[in-house]
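Bear in mind these aren't lab numbers, they're just calculated from the coordinates by the rules spelled out. Bear in mind the structure is a predicted one, so any value in this text is a computation, not a measurement. Cβ atoms come from the backbone with ideal geometry, glycine included; neighbour counts cover every protein chain shown.
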């Protein structure tokens, strides 16, 4: 009973302290103060020229600022945990890069922020969190790869469907169970387009060599070819009351190297964005977060 009472007193004491220190949120065991909130809110208003005299606009702004600060705290905690702390030199360098890219004289950016009434420490904290996020995305991007199948689909979705296809299509004589077994067995025995022994299939299936454009195939065959890697067999599928199997020899798309690289970069960036979004979502879902401020309570 004493143990439970002590916990209750501890929680009660913490809430009293939180109230005295004007804490707007708690992220794991780290507080976000009203001072930090007001500083960031002022920065967002100044840089985005927001008129928050409308109560709805102000309430949404309060919510957005709290969420920004929570995300920053999560990023800081993650960086501390994995040894990815951002140094003062890295922050200063990032400010210099912003100045260079915007053709500003050295030292102008911080001077401009001060003239807008922006809290410099809050501005630097945002830069710090962006650098942490950038580092995380870099790590995530190293684990992203684009498969040949994904490229095939992306190329076609981009309007390039002028593929040259070389393949063998096998069609069973009937739809009996034994034919299905034979076709599945056949799929395991074909290893090359150059070494195709007719004895492997002639008793239960016919064959047809496909030398054509992908766009000239029927939708079902086109889909199977797309799903099958070069020099490999597809799954046995059923069409027109027969079992079919395709062994793909080659798939060649006629697009320039530059266009191909652009499509690959697009697919890679899309996969990276989804993976990074999941990482940040998981980071937040695993944290203890308590918001102690009402969206409408701060002007």
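Between 0 and 90 degrees, rounded to the nearest ten: what's the tilt of helix 120-142 against the longest Cα principal axis of the chain? Value to nearest ten degrees: 20. Only one of (1) -0.28, -0.70, -0.97; (2) -0.42, -0.85, -1.01; (3) -0.55, -0.83, -0.97 was calculated from the structure for log10 I(q)/I(0) by the Debye sum over Cα atoms at q = 0.07, 0.11, 0.13 Å⁻¹, and its label is (3).
Compute a Gaussian network model of the chain, connecting alpha carbons closer than 10 Å, and tell me which residue from 178, 142, 58 fluctuates the most. Result: 178 has the largest fluctuation of those listed.
For residue 116 and residue 266, the difference between the fully extended length at 0.36 nm per residue and the C-alpha to C-alpha distance is 50.2 nm.
Can you figure out the FRET efficiency of residue 42 with residue 279, using R₀ = 22 Å and their beta-carbon distance, to the nearest 0.05?
0.15
Measuring nothing but how far apart in sequence close Cα pairs (under 8 Å, 6+ apart) lie, relative to its length, segment 161-253 scores a relative contact order of 49 percent. Rounded, prolate or oblate: pick one for segment 27-148, where a ≥ b ≥ c are the square roots of the eigenvalues of its C-alpha gyration tensor, a/c under 1.5 means rounded, and failing that, prolate if a/b is larger than b/c, else oblate. Oblate, since a/c reaches 1.5 and b/c is not below a/b.
Relative to the longest principal axis of the Cα atoms of the chain, helix 2-20 runs at roughly 70 degrees. For the pair residue 55 and residue 286, a Förster radius of 41 Å applied to the C-beta separation gives a FRET efficiency near 0.75, rounded to the nearest 0.05.
Computed from Cα positions, the angle between helix 55-82 and the longest principal axis of the chain comes to roughly 70 degrees. Residue separation of residue 130 and residue 191 scaled by 0.36 nm, minus their Cα-Cα distance, works out to 16.9 nm of gained length.
For residue 252 and residue 208, calculate 0.36 nm times their separation in residues minus their Cα-Cα distance, and state this gained length in nm to one decimal.
Additional length available on full extension: 13.9 nm.
When only Cα pairs below 8 angstrom with a gap of at least 6 residues are kept, the chain shows a relative contact order of 24 percent.
Seen through its C-alpha gyration tensor, with square-root eigenvalues sorted a ≥ b ≥ c, segment 41-96 comes out oblate because a/c lies at 1.5 or above while a/b is not bigger than b/c. If you build a Gaussian network model of the chain, linking Cα atoms that sit under 10 Å apart, which residue out of 123, 204, 163 swings the most? Per the Cα network of the chain with a 10 Å cutoff, 204 tops the list. Among 105, 148, 31, the residue with the largest mean-square fluctuation in a Gaussian network model of the chain, with springs joining Cα atoms closer than 10 Å, is 105.
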